[in-house]
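The structure appears below as structure tokens.
Derivation of every value follows stated rules applied to the coordinates shown; laboratory data play no part. As the structure is a prediction and not an experimental result, all values here were calculated from the model. When we count neighbours, we look across all protein chains shown, and the Cβ atoms used for this are built from the backbone with ideal geometry, even at glycine.
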Amino acid sequence: MHQDGPDFNHRMRRLSRPDAVQGTPSMEWIHRHATINGIRMHYVEQGSGMPVVLCHGFPHLWFSWHRQISALAQAGYRVIAPDMRGMGQTDAPTAVEAYDIDHITADLLGLLEHLGEPRAVFAGLDFGAFAVYDLALRHPEQVIAVIGLENPAAPHNPDEPPLTEYRRMGEQHFLHIEYFREPPRADRELAAEPRRFLHKVFHTLSGACNYFEMFQHPPGTSYIDAMEEPPPLPWPWLSELELEFFVSEYSRSGFTGGLNWYRAFDLKWAQRKPFEGVQSQVPAYFLGSEHDVDLEGFHGDDPIGQMRAIFPRLRTVRMIPGAGHMVQLEASAAVNEILLDYLADIVAQDTLSAD
């Protein structure tokens with residue numbers, strides 16, 4: 001496994017500075033809509049070459065990758081960034097059962113078939129990471145490699161369903177997962193103030209804030225009230241117009257689709273039971289950040305060990321100083337450099353295995 005040295009860490013600190021980020025993306029994106037796995041799916045693509053599918057989490061969109069799409073495409077890859085089921089311009093079924101592993105995996109397989117690609121590299125953050133890991137365990141022949149950002153494995157306690165575990169935690173203090181669990185309170189409160197929620201949550205998830213300070217609030221607190229007030233935009237890594245894109249999309253769609261990913265936790269837990277102890281031989285790569293809330297609080301004492309237990313061919317782990325969970329935006333240039341390094345290694349390894 002690659003080990004990062006002082007030179008790499010110095011370069012990441014330089015690239016994660018605000019003045020090293022950004023650059024205007026090339027507006028060569030192609031927006032497409034297609035019926036895939038029984039839902040209308042929206043995705044953005046650019047470029048040609050080895051396909052790379054970028055999968056987002058909540059409350060994110062394809063647009064969370066907008067600084068990566070052109071950078072990867074211009075390096076010779078076919079980049080595809082879908083709005084995941086329930087979010088953005090992709091359909092949002094109302095039933096919680098529609099957000100289980102079977103449906104999400106079928107979405108990604110259907111997208112591959114629609115694209116005419118037998119297999120692809122899949123990169124994901126948050127729920128997107130869990131989706132690509134589940135895919136690699138079930139259909140490794142269609143996955144060239146996986147790249148996980150921030151979330152090295154789907155949290156899985158074999159002895160207790162997650163919503164039961166989180167409910168017990170939520171009896172002690174505010175916990176966003178418990179707040180989301182039972183509709184319709186969260187659905188209504190977030191939809192009533194999408195701008196305030198997104199402004200606050202993007203700050204809360206960033207490296208500039210400490211998510212765990214919300215644990216000081218009692219059970220029953222609303223998510224919006226539990227978060228600290230963010231500084232006004234623009235931030236070094238987010239403009240007012242960029243936030244407006246998220247606000248516009250979620251104002252139209254509402255948040256129920258994204259919340260249903262949480263409400264389906266127990267269904268996914270049951271579907272992962274048969275895969276306990278199963279390993280995937282798909283090559284894997286990980287990119288984390290110094291102040292990620294999930295790495296700090298939701299993946300146990302050895303998060304990378306959890307990933308290696310599932311993906312023994314974990315080739316490289318890199319960490320970006322200073323950034324939080326919004327790493328694609330907070331440290332765009334550093335993320336792009338790492339992804340391009342990973343993809344170059346994936347191409348080399350895939351070529352060797354084909355010879």
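Could we say that GLY110 is of a type in the set (Gly, Ala, Ser), part of a helix (DSSP H, G or I), in contact with a strand residue (DSSP E or B) (Cβ under 8 Å, 6 or more places away or on another chain) and on the phi < 0 side of the Ramachandran plot here? So GLY110 fits the description; yes. Scanning the range 64-77 for residues that are buried (at least 19 other Cβ atoms within 10 Å of the Cβ) and in contact with a Leu (Cβ under 8 Å, 6 or more places away or on another chain) returns SER64, TRP65, ARG67, GLN68, ILE69, ALA71, LEU72, TYR77. Scanning the range 247-269 for residues that are buried (at least 21 other Cβ atoms within 10 Å of the Cβ), in contact with a Pro (Cβ under 9 Å, 6 or more places away or on another chain) and either at positive phi or of a type in the set (A, V, I, L, M, F, W, C) (or both) returns PHE255, LEU259, PHE265, TRP269.
Selection within the range 245-303: residues that are hydroxyl-bearing (Ser, Thr, Tyr) and touching a helix residue (DSSP H, G or I) at 6+ places or on another chain (Cβ under 8 Å). The member of this set that is farthest from VAL143 (Cα to Cα) is SER251.
When restricted to residues that are within 30 Å of ILE346 (Cα to Cα), of a type in the set (S, T, N, Q) and out of contact with any helix residue (DSSP H, G or I) (no Cβ under 6 Å at 6 or more places or on another chain), the range 147-187 contains 0. Checking the range 206-221 against the condition returns no match, with no residue being surrounded by 14 or more Cβ atoms within 10 Å (Cβ to Cβ), among the β-branched types (Val, Ile, Thr) and either within 20 Å of the chain's Cα centre (by Cα) or under 17 Å from ARG263 (Cα atoms) (or both). Taken over the range 232-252, the criterion of being in contact with a Ser or Thr (Cβ under 9 Å, 6 or more places away or on another chain) and under 21 Å from GLU193 (Cα atoms) is satisfied by LEU233, TRP235, LEU238, PHE246. For the range 230-330, the helices (runs of 4 or more DSSP H) that sit wholly inside it and include 2 or more residues that are farther than 30 Å from ASP350 by Cα are 240-253, 256-263, 265-272, 293-297.
Go through the range 64-90 and give me each residue that's farther than 12 Å from GLY128 by Cβ and in a helix (DSSP H, G or I).
Residues satisfying the conditions are HIS66, ARG67, GLN68, ILE69, SER70, ALA71, LEU72, ALA73.
Looking only at the range 38-63, which residues are assigned to a helix (DSSP H, G or I) and crowded, with 24+ Cβ neighbours inside 10 Å? Residue satisfying the conditions is TRP62 alone.
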